[in-house]
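Below is one structure; the comments refer to it alone.
The values are calculated or read from the model by the stated rules, or taken from the named source; none is laboratory data. As the structure is a prediction and not an experimental result, all values here were calculated from the model. Using ideal geometry, Cβ is built from the backbone for each residue, glycine included, and neighbour counts are taken over all protein chains shown. These area figures cover heavy atoms from the full protein model, side chains too; ligands, DNA and RNA do not enter into them. Shrake-Rupley method; radii C 1.70, N 1.55, O 1.52, S 1.80 Å.
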Amino acid sequence: MEHERFFDTIYAPARDKDELIKELSAVMEMAEALNSRLDLDHILSRMSGELARIIDYDLGCLAIYEKEDNCLYIRHVYRPDGDTSFEGRFVPLEETNVVGWVAIHRKPVLRRDIKADDRFTEIMKEDDLGSDIVVPLIAKDIFIGTLNLGSYEKNRFTEFDLELVTKFSQLTSIAIENSQLIESHRELGEKYRTLMSHASDVIMLIDYSGEIVECNDVVCREFGYAPEEVLGKNFWLFTTPDRRDLSRSNLARVLKGEPAVFTEIPYLKKNSEMLYMDISATLVKIKGHPYVLAVGHDVTDRKILEERITVQNRELTEVNRKLMQLDRLKSEFLGRISHELRTPLSIIMAYSDTLIEDADFEIERDTRREFLQIIDAQSKKLLAAINDLLDLSKVEVSDTMLNVTEASINEIIKLSVKMVEPAAWKSGITIVTELDESIPIAAFDPQRIRQVCVNLLGNAVKFSSPGGKVTVRSSCGEEEIIVSVMDEGPGLDPGEISEIFENFTQLDGGSDRSRNGLGIGLRLVNHYISLHRGRIYVESEKGRG
């Protein structure tokens, strides 16, 4: 009843009581209608319809403020005949037109006689309106636009109509604001869904406990899980066990506001395969709650390539080292060739020249015989060196070079001992044989195995101290014959053992070496034993032979 008396007092001259109640009812229905649906076209259509029920007007339009262009554009036009001309027209935000003036000053305007009012330039001259109402649309002190009603008649609108339109505008403003907010959220959600579905990188939203509350499809594809196996699970699902404590620490850092970038971090797929990622983690707040937004880029291929390059570089470095070593050994080898070939040849030439110059046979018979023996010994030494070089040139030849026949290994050993004994006697070295006479006849190349035995016995003698002992043994294993040669020489360091079967290796090598040889004997020995499908190895200690 208070409301009835209020409208009676102020508006009674323009409206009777029943009409006021009808208009109040229309306002309430308008409020209910505007809040029933929040899409903008529905709001504008219902507003026009409800206003037309209680106010007789010929043209209604609503202009929306465009902040980016700093102007208004007419979003909705209503005429009883359905004509929507002027929709989409832009209105400059200037005081020279009534819409711009209302927008700038945020005050309503009632013009009873438009033609008699020269304050504004008309923007809809085509309609030749007689009177109009223009009110601002404002929600929470934010300007949204203007609501305009026009009539072809002068003095068609009253202060009461202005008040009623203002009430409608307040309701409309709130509804439009809600609609725009929902539309903004809808657009944001659509952008979010588009980003999540089209991103090529892993995207996860993780809460303070490490639980994955949201992720895109790439997470499932990369790690091999179904969505229900990921959402709601802890981030440690992908973390390698040895990195979980570090991952918890990193999560805590980011939750404190420290953005972080982690490179080439290893993660585990569902099938236990390793995956490497570069991760960018940032703190975000949603409704006041902290979350970590983690974006990961798969760098597994890059990591594998880097590892391959590292391995290849390491291999190239090793190959380069070996090439340098081989180059050094070849230089030493050429020096040995010069010495081993030139020395006996020089001796042969010197003694030969002496004998040739002795045309009158002045040299005694015994001395002449001694010279010839020296020439013979040096010739054999020269021939042995040349044969070693020839054998070395064939060292990569297959086992077709072997002349396999049945022979006794013990007989080969005895023959080899006889060949080495003269050199041993000169140094006062004793060669002891311990042969297993039960060893049966076997199939092998006698010449090559003799070379092996002679080489091993010769090395043992060469590297033994004067007065020492060299022992050669033979024994029969289950499926093999074993021959061992032992000396009492200086022995080898463990690191030297692996080198002695290489080409050109002589452990006292160099220009000042104390023992003769080309350094290829053991390489040939190793090759000949390999051709016989056998094996050769060394057991030695420094100082113990």
(request) Check the straight Cα-Cα distances from residue 67 and name the lysines below 24 Å, setting aside those fewer than 8 residues away within the same chain. (result) 107, 140, 191
(request) In nm, give the distance between the simple-model label positions of residue 243 and residue 282, each being 7 Å from the Cα along the Cα-to-Cβ direction. (result) 2.2 nm
(request) Using θ = phi - 60° and the Karplus relation 6.51 cos²θ - 1.76 cosθ + 1.60, list the HN-Hα couplings for region 297-312 in order, rounded to whole Hz, with x at every Gly or Pro. (result) 10, 5, 10, 4, 4, 5, 5, 4, 5, 4, 5, 5, 4, 4, 5, 5
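Beta carbons within 10 angstrom, averaged per residue: use that to sort the peptides 109-117, 150-158, highest first.
150-158, 109-117
Given 0.36 nm per residue, what is the gain on full extension from residue 73 to residue 365 after removing their alpha carbon distance, in nm? Can you show the working numbers first?
Values: separation 292, 0.36 × 292 = 105.12 nm, distance 13.58 nm.
Stretched fully, the residue 73-residue 365 segment lengthens by 91.5 nm.
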(request) Rounded to whole Hz and in sequence order, give me ³J(HN,Hα) for region 133-143 from the Karplus expression 6.51 cos²θ - 1.76 cosθ + 1.60, θ = phi - 60°, writing x for Gly and Pro. (result) 10, 10, 10, x, 9, 10, 9, 6, 6, 9, 6
(message) Can you find, among 92, 48, 80, the residue sitting farthest towards the positive end of the charge dipole of region 43-164, where Lys and Arg contribute +1 and Asp and Glu -1 at Cβ?
(response) 48
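How far, in nm, would the chain grow between residue 356 and residue 261 when pulled straight, counting 0.36 nm per residue and subtracting the alpha carbon separation?
Numbers: separation 95, 0.36 × 95 = 34.20 nm, distance 9.03 nm.
My answer for the length gained is 25.2 nm.
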(request) Show which lysines lie in cross-link reach of residue 233 when reach means a straight Cα distance below 25 angstrom and same-chain residues fewer than eight apart are skipped. (result) 256, 269, 270, 285, 287
(request) Name the residues whose placed amide hydrogens come within less than 5 Å of the amide hydrogen of residue 72, ignoring near sequence neighbours (fewer than 5 apart) on the same chain. (result) 66, 91, 93
(request) Determine the alpha carbon to alpha carbon distance for each of 380/469; 426/462; 381/462 and list only those over 20 Å. (result) 380/469
(request) For region 285-335, give the percent of accessible area contributed by carbon and sulfur heavy atoms, probe 1.4 Å, rounded to a whole number. (result) 58 percent
(request) Work out how much length residue 471 to residue 433 would gain on full extension: take 0.36 nm times their residue separation and subtract the Cα-Cα distance, in nm to one decimal. (result) 13.1 nm
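Quick check on packing: order 215-225, 240-250 by the mean number of other C-beta atoms within 10 Å, highest mean leading.
Descending mean neighbour count gives 215-225, 240-250.
Is region 412-505 best put as rounded, prolate or oblate by its Cα gyration tensor, with a ≥ b ≥ c the root eigenvalues, rounded for a/c under 1.5, and otherwise prolate when a/b is larger than b/c, oblate when not? It would help to have the intermediate numbers written out before the result.
Numbers: a/c = 1.71, a/b = 1.27, b/c = 1.35.
Oblate, since a/c reaches 1.5 and b/c is not below a/b.
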(message) Under the rule a/c < 1.5 gives rounded, and otherwise a/b versus b/c splits prolate from oblate, where does region 127-168 land using the Cα gyration tensor?
(response) oblate
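Ranked highest first by the average count of other Cβ atoms within 10 Å around their residues, in what order do 463-469, 233-239 fall? Intermediate values should be presented prior to the final figure.
Values: 463-469: 15.1, 233-239: 17.6.
For the peptides 463-469, 233-239, the packing ranking is 233-239, 463-469.
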(request) Report the calculated FRET efficiency for residue 408 and residue 318 (r = Cβ-Cβ distance, R0 = 56 Å), to the nearest 0.05. (result) 0.80
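Using a 1.4 Å probe over the heavy atoms of the protein chains, calculate the carbon and sulfur portion of the accessible area of region 40-114 as a whole percent. If you can, show how the numbers build up before the last one.
Details: 1530 of 3530 Å².
Whole-percent figure for carbon plus sulfur exposure: 43.
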